[in-house]
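Each remark here refers to the structure printed beneath this line.
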Amino acid sequence: MKSQSDLVRSVFQTAEWHLKAAYNIRIRRETVQAFLKYESFTRILDIGCGDGSLSLPLLTAERYLTLLDFSETMLSLVRSRIPNELADHVELLNQNVLSATLRPHSYDLILCVGVIAHVESPNALLEKIISWLKPGGSLILQNTEADHVLTSVARFLERIRSVLRPKIYDRNQLRSSELLGALTRKNFDLQAAFSYGLPLLGMRRIASQETLYRVVRLAYGAYPDARLPSCGNECLYFLKARP
């Protein structure tokens, strides 16, 4: 029997999911950039980096980026997008985050977006992040709120769809209050948050990526001028570790 890591890898080895979610990746990228607008950082770790859409825009001649993903397909996409003049500032790691061994306390910014729902142990993931982040460092973390009505509707629709196309694996369902509480107990302070909802599956099949993006922005706005924060189940958090 395959492990969850093997099943997740089989899904993310294809770029198809990425193309279908381009509008969502754009929202996440813009939110990350808004969170970090006035922040200073030099060494960045992007966990589950995908094609690098979130972290490559942060790369400069003064910054260094480590991209960690166990999908060779995604890392190939990243490699093709790295500016030649900054290639020596980028490290690509084709590893499972839970078994990766990186230098302790060596990053002052860690991105962990679209990851926690898919790992075998969310607690182990948080411990890895804590061990790699410098004191006073920044963390951007994404979670889909388990108790939100939009999550319940999405799960219901997925159960209907699974009758014809069984799910490959079950994603972790986490309450954001418990997740943030655990990080608070580990000496993290919440700096900012942005919540939004995704269009339902039917709309995602017929609408363009630009239309989907505009629908989400119309309903929820953009950080820091967000609208209806309690109505969104896709949550992005910006936290800092205490020095």
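All of the numbers you see were taken from the coordinates with simple rules; none came from a lab. The structure presented is a predicted model; accordingly, all values stated were derived computationally and were not measured. In this analysis, Cβ positions are derived from the backbone assuming ideal geometry, glycine residues included, and neighbour counts consider all displayed protein chains.
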The stretch 121-185: projected area of the alpha-carbon convex hull, averaged over directions, in nm²
5.4 nm²
Test of understanding: ordering ASP46, ASP88 by Cβ neighbours within 10 Å, fewest first, what list do you get?
ASP88, ASP46
Degrees separating the helix 149-162 axis from the principal Cα axis of the chain, which is the longest one
70 degrees
How would you rank 31-41, 105-115, 132-142, 149-159, highest first, on the average number of other Cβ atoms within 10 Å across their residues?
105-115, 132-142, 31-41, 149-159
Over the chain, with a Gaussian network built from C-alpha contacts below 10 Å, which listed residue (ARG214, ARG205, ARG79) shows the highest mean-square fluctuation?
ARG205
Rounded to the nearest 0.05, what FRET efficiency do ARG214 and GLU62 have when you use their Cβ-Cβ distance and R0 = 35 Å?
0.50
Computed over the chain, Cα set: Rg, Dmax in Å:
17.4, 51
Alpha carbon centroid spacing (whole Å) that separates the stretch 43-96 from the stretch 105-132
16 Å
Quick one: how many lysine pairs in the stretch 4-241 have C-alpha atoms under 19 angstrom apart, if they're 8 or more apart or on different chains?
7
If you wrap a convex hull around the alpha carbons of the stretch 138-243, what volume per residue comes out, as a whole number of Å³?
119 Å³
Helix axis angle, 122-132 relative to the chain longest principal axis, alpha carbon, degrees:
20 degrees
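Which value in deg cm²/dmol, rounded to the nearest 500, describes the helix-derived mean residue ellipticity at 222 nm for the chain, given -39,500 (n - 2.57) per DSSP H run of n ≥ 4 and division by the residue count? Before the final figure, lay out the partial values.
Values: 9 runs with 91 residues, N = 243.
After summing the helix terms and dividing by residue count, I get -11000 deg cm²/dmol.
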